[in-house]
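The values are calculated or read from the model by the stated rules, or taken from the named source; none is laboratory data. Keep in mind that what you see is a predicted model, and the values were worked out from it rather than measured. Quick reminder, even Gly has a Cβ in these numbers, built from the backbone with ideal geometry, and neighbours come from all protein chains shown. The accessibility values were calculated without ligands, DNA or RNA, using every heavy atom of the protein model including side chains. Shrake-Rupley method; radii C 1.70, N 1.55, O 1.52, S 1.80 Å.
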Amino acid sequence: MRYRFVDCRWDIADPARGREFYLAGHIPGAAFLDVDEDLAAAPGARGRHPLPDGADFAVAASRAGIGPDVFVVAYGNMGGAERLWWLLRHFGHDACAVLDVEAWHGPFRAGDEEVDAAEFVPQPRTDDTIEADELAARFAELVVVDSRVPERWRGEPNAIDRVPGRIPGALNAPWDEPVPELPEGELVSYCGSGVTACVTLHRLARGGRAGRLYPGSWSEWEQRPELPVERA
């Protein structure tokens, strides 16, 4: 088993910043995967960060040196590392972990890296996501968790959400705070676009609790006027 560090830092306001962070200094030997380009499909009706197609993700993962005999250690910010962790598991690669980059006490290296490519073969799961129509029909019977910050969950006007609000009945578990105690039941996590919701799912998984991701999240839900919206 070989190890591969992968840098997933990004900036929601400036997509180019992630690679700038990496080039300025990264864990030696780490590859870089871009949240917007490699860990998501193009934005549109399915939200700002739809799930990438399996073939496209395989190209990115292979370029980053991720193959069947590789244990991936992802690090980043604002859910980038957890998004890679979730996607790897979604596509059948469970050998992965998330590192808090602040816990790294070793050196950093500037510039690019020559990463030996591998062959990533996607084997998608079918039990870890939920789509908008099913969620709209079942939200009353699910434990729906909104990972956005409290102001956005309450539906206050903000610079990100075109339509402020939340899915009716959603509980707030901000991605940048410890996960609160949640009721038992089938759990679904969403956020603004499906990235920071992966932070919640990662923390829950570490505690032994599974949940599904709503990939389109609020950036898809808000585009469908027939879907209900709740505000505090």
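Numerical summary
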| read-out | value |
| --- | --- |
| Extension reserve of the Ser62-Val163 stretch, reckoned as 0.36 nm per residue once the Cα distance is removed | 32.6 nm |
| Rounded to the nearest 20 debye, dipole of region 1-118 from Cβ charges on Lys, Arg, Asp, Glu | 200 |
| Sparse-neighbour loop sites [GluC sites (Glu not before Pro); region 106-202; at most 10 other C-beta within 10 Å; DSSP] | Glu114, Glu119, Glu181, Glu184 |
| The chain, accessible surface, carbon-and-sulfur percent (1.4 angstrom probe) | 51 |
| Accessible area of the chain divided out per residue, in Å², using a probe of 1.4 angstrom | 46 |
| Hz values of 3J(HN,Hα) by residue in region 66-72 - Karplus curve (6.51, -1.76, 1.60), Gly and Pro given as x | 9, x, x, 9, 10, 9, 8 |
| J(HN,Hα) series, region 201-211, from Karplus relation 6.51 cos²θ - 1.76 cosθ + 1.60, nearest Hz, glycine and proline x | 5, 5, 5, 5, 4, 5, x, x, 10, 8, x |
| Top positive-direction residue, dipole computed over region 126-232 with Cβ charges, set Thr200, Gly169, Pro215 | Thr200 |
| The chain - share of DSSP beta bridges that are antiparallel (%, nearest 5) | 10 |
| Sequence-distant residues sharing a close amide H with Leu171 (under 5 Å, placed H) | Val144, Val145, Asp146 |
| For Ala45, net neighbour charge (Lys/Arg +1, Asp/Glu -1) across residues whose Cβ lies under 12 Å away | +1 |
| Interchain or long-range residues, amide H under 5 Å from Ile130's placed H | Leu213, Tyr214 |
| Spin-label proximity, Arg231 to region 136-165 - amide N less than 15 Å from point 7 Å beyond Cα toward beta carbon | 151-165 |
| Residue-by-residue Karplus 3J(HN,Hα) for region 9-14, coefficients 6.51, -1.76, 1.60, Hz, glycine and proline x | 5, 7, 9, 4, 8, 8 |
| Dipole moment magnitude, nearest 20 debye, the chain about Cα centre, only Lys, Arg, Asp, Glu C-beta charged | 240 |
| Angle in degrees between helix 54-63 and the longest Cα principal axis of the chain, rounded to the nearest 10 | 30 |
| Degrees between helix 80-90 axis and first principal axis of the chain (Cα, 0 to 90, nearest 10) | 90 |
| Other-chain or far-sequence residues with amide H under 5 Å of Phe5's (modelled H) | Ala31, Val73 |
